[in-house]
Amino acid sequence: MILILCLLSSLYYVDQPYPGIPAHAEFDIELRFGPQGEIIGFFQIGIWDRFGVGVSYGASNLIGAGDPDFYEIPGMQVRIVAIEEMLFLPSFRIGFDSQGYGGYDGTRYDIMSKGIYGQLSKSYASSYFEIVPSIGVNYALEGDNRFDMFAGIKAQFGTSSALMLDYSPNFKDERDQDNGYLNVSLMFIFYEEIFFEFALRDLLDNSSNDLQYNRMIRLGYVQYF
């Protein structure tokens, strides 16, 4: 069970940061297949139980016709548990994430990375069910820089599946329609160390690129050194 719960503590609910950090010496490899031929690979590792780092890299238009648009630099992820969860108190995490989504024009991604963020979360679990809600604020370091908020919730059913929902209002972004980004996904777990996730993104038709209900697939593998 411990391995499975660590497996679901991957980098993201769908697009928004998930409040999980790999255990010491645990590593997580993920491949994300998004709209417009986007593929991003992620690797994260737990340095200590309360400190994890990761790296990511990919391209848009990697699948399909035309030339792929490789990102100029890799993304970086850092996560620190500043306050651990207690019986009646949520945990508090500080993080940094420079990986955005969609095309990159030299100054920003279509959906900007979170940049620097803080996140509160609290888990509620029984023998066969777990709920993990969270809320956070972030300061994006792309484009003109801006503050934003995000939230997510995971509901895990037994040891084989989980439902995820996340949202970001995406304040003051000239590339959207001021509806915010709402996403939902369903994850399936196999052999206690492999997962497959299917997501529907932009349910509120926020993108200016006609990408409402776009699909995303994520594959992941978790193991220890």
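The values are calculated or read from the model by the stated rules, or taken from the named source; none is laboratory data. None of the values given here were measured: they were computed from a predicted structure. Because the Cβ atoms are built from the backbone with ideal geometry, glycine has one as well, and the counts that use them run over all protein chains shown.
For residue 21, state whether it is crowded, with 19+ Cβ neighbours inside 10 Å and modelled with pLDDT under 95. Criteria met by residue 21.
Restricting the range 47-73 to residues that are assigned to a strand (DSSP E or B) and more than 27 Å from residue 109 (Cα to Cα), which is modelled with the lowest pLDDT? This residue is 48.
Do the conditions hold for residue 13, that is, is it closer than 23 Å to residue 155 by Cα and either of a type outside the set (A, V, I, L, M, F, W, C) or surrounded by fewer than 16 Cβ atoms within 10 Å (Cβ to Cβ) (or both)? The answer is yes for residue 13.
Selection of the range 101-132 for residues being surrounded by 13 or more Cβ atoms within 10 Å (Cβ to Cβ), within 15 Å of residue 144 (Cα to Cα) and in contact with a Gly (Cβ under 9 Å, 6 or more places away or on another chain) yields 108, 109, 110, 111, 112, 113, 114, 116.
From the list 186, 182, 163, the one residue that fits, being free of Cβ contacts under 8 Å to residues at least 60 places away in the same chain, in a strand (DSSP E or B) and within 12 Å of residue 15 (Cα to Cα), is 182.
Quick grid of which residues meet (1) more than 25 Å from residue 207 (Cα to Cα); (2) crowded, with 16+ Cβ neighbours inside 10 Å; (3) in contact with a strand residue (DSSP E or B) (Cβ under 8 Å, 6 or more places away or on another chain):
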residue	(1), (2), (3)
42	no, yes, yes
53	yes, yes, yes
56	no, yes, yes
61	no, yes, yes
68	no, no, yes
75	no, yes, yes
84	yes, no, yes
92	yes, yes, yes
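On inspection, residue 178 qualifies as over 21 Å from residue 28 (Cβ atoms) and surrounded by fewer than 19 Cβ atoms within 10 Å (Cβ to Cβ). Here is the figure for the range 188-225: residues that are hydrophobic (A, V, I, L, M, F, W, C) and within 15 Å of residue 33 (Cα to Cα) total 9.
Of note, residue 134 does not satisfy the criterion of being hydroxyl-bearing (Ser, Thr, Tyr) and over 28 Å from residue 57 (Cα atoms).
Residues of the range 74-120 that are of a type in the set (Val, Ile, Thr) and either outside any loop (DSSP other than H, G, I, E, B) or free of Cβ contacts under 8 Å to residues at least 12 places away in the same chain (or both): 78, 80, 81, 83, 94, 111, 116. Checking each residue in the range 22-38 for being of a type in the set (A, V, I, L, M, F, W, C), under 11 Å from residue 216 (Cβ atoms) and in contact with a Phe, Trp or Tyr (Cβ under 7 Å, 6 or more places away or on another chain) picks out no residue at all. For the range 103-130, filtered to residues that are hydrophobic (A, V, I, L, M, F, W, C) and modelled with pLDDT under 95, the residue that is nearest to residue 35 (Cα to Cα) is 111.
Of all residues in the range 133-154, those that are assigned to a strand (DSSP E or B), of a type outside the set (Ser, Thr, Tyr) and either surrounded by 15 or more Cβ atoms within 10 Å (Cβ to Cβ) or modelled with pLDDT under 95 (or both) total 13.
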